Amino acid sequence: MTHGRRLIVFDLDGTLVDSRRDLASSMNALLAEYGAPQLPEHAIGRMVGDGAPTLVSRAFAATAVPQPDDALERFLAIYNEHLLDHTRPYPGIPDVLRELGARAAIAVLTNKPLASTRRVLAGLDLARHFTHDGVIGGDGPFARKPDPAGLQHLMEQAGAAPPATTLVGDSAIDWRTGRNASVGVCLVRYGFGFEGVQVDRLSDGEMVIDTPQDLLKVL
């Protein structure tokens, strides 16, 4: 990548792909194993964003059932079997990635485990838009978002300064990550994590879009 090239970094769940149904179904299967009540899909969707350990903890807390020691391991095993049952790219995402990839360096920064991330990207034919090193998961050498370390690594790798970098995501976690790295932030209203975003706190360099295609107008 050439020095000074623009960089666009995408969150995965709720930004590039709609994975809420598979995440919720896997979580409810886990809860059922331990006799815990089921949770609505939208409620589980609001718990996504901080990584699998936090998702599992939040789900058990919501049911008031103590979390078993092996709950995280079981959730990851269940989800691994079902992560592509219903998960699909949001409409227009493949075309948007192709267009933006011609204009800038593009990458993925997610709190999802890296192996699951790569399976989803490959299974939905999105992996071809990103370099191998341009995909960072939540279980690698960098702290999870909102820590900016992973984003800063991608910036250094691309030779992109903060003013030339935009983080695209759907949640307050993504917003805080962008702020922590002093980069531009684009939040997607269609994502299932957007409900937790305090839009009135956005400032210059931070924007909200309604559809994936809107990315082509603002980036």
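The values are calculated or read from the model by the stated rules, or taken from the named source; none is laboratory data. Quick caveat, the model's predicted, so the values are computed rather than measured. Here the Cβ is made from the backbone with ideal geometry for all residues, glycine too, and neighbour counts use every protein chain on show.
Brief remarks follow.
- Residue in the stretch 92-107 that is touching a residue at least 24 places away in the same chain (Cβ under 8 Å), assigned to a loop (DSSP other than H, G, I, E, B) and outside the structural domain of LEU187 (by TED's automatic domain parsing) present: no
- Residue match in the stretch 201-215 (condition: among the small types (Gly, Ala, Ser) and part of a helix (DSSP H, G or I)): no
- Under the condition of being without any contact (Cβ under 8 Å) to a residue 60 or more places away in the chain and among the β-branched types (Val, Ile, Thr), the residues counted in the stretch 75-91 number 1.
- Residue satisfying condition, being part of a helix (DSSP H, G or I) and over 25 Å from ARG201 (Cα atoms), within set ASP133, ASP139: ASP133
- Hey, LYS145 among the basic types (Lys, Arg) and assigned to a loop (DSSP other than H, G, I, E, B) or not: yes
- In the stretch 117-128, the residues that are within 13 Å of ASP13 (Cα to Cα) reach residues that are crowded, with 17+ Cβ neighbours inside 10 Å and among the basic types (Lys, Arg) with C-beta atoms within less than 9 angstrom, at least six apart or across chains, in these pairs: VAL120/LYS112.
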